[in-house]
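The values are calculated or read from the model by the stated rules, or taken from the named source; none is laboratory data. Fair warning: this is a prediction, and the values are worked out from it, not measured in the lab. Here the Cβ positions follow ideal geometry from the backbone for every residue, glycine too, while neighbour counts run over all protein chains shown.
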Amino acid sequence: MTHTPNRALVVVDVQNEYETGGLRIEYPPIEGSLRKIGKAIDAAHAAGIPVIVVQQMAPADAPLFATGSHGWQLHDIVARRPREHFIQKKLPSAFAGTDLGEWLRQHGIDTLAVTGYMTHNCNDTTIKHAFDAGLQVEFLMDASGSVSYANRAGFASAEEIHRVFSVVEQSRYAAVLDTDEWIGCVTDQTLPERDTIHTSHQRALALQGTQQAT
């Protein structure tokens, strides 16, 4: 018998900082990902899936997410929609220092769908925290996004970061899919494709071998 997941949708840090502040999402374009986040929330409510909204906190004098600032406030795409639970956090993972894990247990949630910002930071840590806690995880890659980085380790574009983290999540930690695919799974009560590190690596070796042969 196919297991029907008991899902919750977690909306991570969809705050003004990522659109009009110091961390404007570069890839995928912020306008598109915000629309997808709103669409995912609406689909979750229509399907009876609880929505958990998370807000990043920082001191009032911090350069990003300063408590009380415009950048700290939830983006209207989330603020105007209903939610079943609200969490404020100080660390990247939505589980760290919050009641998220206990809330999910109390509501019998076994599958956590992750949206919001950023792919490589708070989403990644939340996904891996959920995986280590024994939850099935789904990552809506077009309802998220990244920024570019440059530091002593090198430079990575927002597209590179978003793509590589998505590939790594799919290799074990989450089923990575776009919002429309996720809504289809919810509507049809089907399970998204999952993968393993071994098979992901074997495919990469085969792909590289094919490219080298040509």
(request) Name the single residue, out of those in the stretch 39-58 being more than 17 Å from N123 (Cβ to Cβ) and either in contact (Cβ under 8 Å) with a residue 40 or more places away in the chain or not hydrophobic (A, V, I, L, M, F, W, C) (or both), that is surrounded by the fewest Cβ atoms within 10 Å (Cβ to Cβ). (result) G48
(request) Could you tell me whether S157 is farther than 25 Å from G38 by Cα and touching a residue at least 60 places away in the same chain (Cβ under 8 Å)? (result) yes
(message) Need pairs with beta-carbon distance below 9 Å; first residue within 20 Å of A47 (Cα to Cα) and within the stretch 1-18, second at pLDDT below 95; sequence gap 6+ or separate chains.
(response) T2/Q189; T2/T190; T2/L191; H3/L191; T4/Q189; T4/L191; P5/Q189; P5/L191
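Here is a yes/no grid of residues against (1) within 20 Å of Q170 (Cα to Cα); (2) assigned to a helix (DSSP H, G or I):
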site	(1), (2)
S93	yes, no
I109	no, no
V114	yes, no
H120	yes, yes
(message) If I filter the stretch 164-186 for residues that are within 28 Å of I25 (Cα to Cα), touching a Phe, Trp or Tyr at 6+ places or on another chain (Cβ under 9 Å), outside any strand (DSSP E or B) and acidic (D, E), do I get at least one hit?
(response) yes
(request) Identify, from the list H120, H85, the residue that is more than 15 Å from the chain's Cα centre (by Cα) and in contact (Cβ under 8 Å) with a residue 24 or more places away in the chain. (result) H85
(request) Output yes when any residue across the stretch 123-139 is touching a Lys or Arg at 6+ places or on another chain (Cβ under 8 Å), of a type in the set (S, T, N, Q), under 17 Å from Y18 (Cβ atoms) and in contact (Cβ under 8 Å) with a residue 12 or more places away in the chain, and no when none is. (result) no
(message) Condition first: crowded, with 19+ Cβ neighbours inside 10 Å and touching a strand residue (DSSP E or B) at 6+ places or on another chain (Cβ under 7 Å). Now tell me which residues in the stretch 6-17 satisfy that.
(response) R7, A8, L9, V10, V11, V12, D13, V14, Q15
(request) Specify the residue that is surrounded by the fewest Cβ atoms within 10 Å (Cβ to Cβ); the eligible residues are those in the stretch 164-180 that are within 13 Å of the chain's Cα centre (by Cα) and among the charged types (D, E, K, R). (result) D178
(request) Identify all residues within the stretch 31-59 that are of a type in the set (D, E, K, R) and farther than 16 Å from E138 by Cβ; write none if there are none. (result) E31, R35, D42
(message) Take the conditions modelled with pLDDT of 95 or more, surrounded by fewer than 16 Cβ atoms within 10 Å (Cβ to Cβ), more than 19 Å from L140 (Cβ to Cβ) and β-branched (V, I, T) and apply them to T20. Does it pass?
(response) yes
(request) Scan the stretch 79-93 and give yes if some residue there is touching a Pro at 6+ places or on another chain (Cβ under 9 Å), surrounded by 17 or more Cβ atoms within 10 Å (Cβ to Cβ) and small (G, A, S), otherwise no. (result) no
(request) Scan the stretch 190-200 and give yes if some residue there is in contact (Cβ under 8 Å) with a residue 60 or more places away in the chain and under 15 Å from the mean Cα position of the chain (by Cα), otherwise no. (result) no
(request) Determine which member of the set A130, A150 is assigned to a helix (DSSP H, G or I) and either at pLDDT 95 or above or surrounded by fewer than 17 Cβ atoms within 10 Å (Cβ to Cβ) (or both). (result) A130
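Residue-wise test of (1) out of contact with any Leu (no Cβ under 6 Å at 6 or more places or on another chain); (2) aliphatic (A, V, I, L, M).
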{"residue": "A113", "(1), (2)": "no, yes"}
{"residue": "H120", "(1), (2)": "yes, no"}
{"residue": "N123", "(1), (2)": "yes, no"}
{"residue": "H129", "(1), (2)": "yes, no"}
{"residue": "A133", "(1), (2)": "yes, yes"}
{"residue": "M141", "(1), (2)": "yes, yes"}
{"residue": "G145", "(1), (2)": "yes, no"}
{"residue": "R152", "(1), (2)": "yes, no"}
